[in-house]
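To start, the structure under review is shown below, and the notes come after it.
A short reminder: the numbers here are calculations on the coordinates, not readings from a lab. All values reported here derive from a predicted model rather than from experimental measurement. Methodologically, a virtual Cβ is constructed for each residue, glycine included, from the backbone with ideal geometry; neighbour enumeration extends over all protein chains shown.
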């Protein structure tokens, strides 16, 4: 039986997951914004790289938070799988980030964008 105190004990975890999901989306927006400048003007490479590092951090922490909630039975494992895929794809993106491999990098960026927005939406529409 789920008691109100056990539900309360998971609220900080849901809050942290929501914050991390929102930060992941904001990071993706930063990366998308710098990508255009990087491709057109060959500028903002440092900012784009910092955004990629931030994406590793936020998506990794999001995966851990969702994993804890799923392990405790408060959330479906689907979110963990999507978040882990997003985390892994962020490293593949970093590996294929040169101008020679934009044909792989751009579709991967769209997958990351869709995955991060989907996860954030899924977390924010929940009533937990």
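Expressed as a fraction of 2.2 N^0.38 Å, the rule-of-thumb size for a compact globular protein of N residues, what is the C-alpha radius of gyration of region 4-125?
Dividing the Cα Rg of region 4-125 by 2.2 N^0.38 Å gives 1.14.
With a Förster radius of 25 Å, plug the Cβ-Cβ distance of residue 76 and residue 32 into 1/(1 + (r/R0)^6) and report the FRET value to the nearest 0.05.
Working: r = 28 Å, r/R0 = 1.13.
Result of the calculation: an efficiency of 0.30.
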note = Taking R0 as 41 Å and r as the Cβ-Cβ distance between residue 104 and residue 19, the FRET efficiency 1/(1 + (r/R0)^6), rounded to the nearest 0.05, comes to 0.85
Inter-label distance, nm, simple model (7 Å from Cα along the C-beta direction), residue 127/residue 92 = 3.7 nm
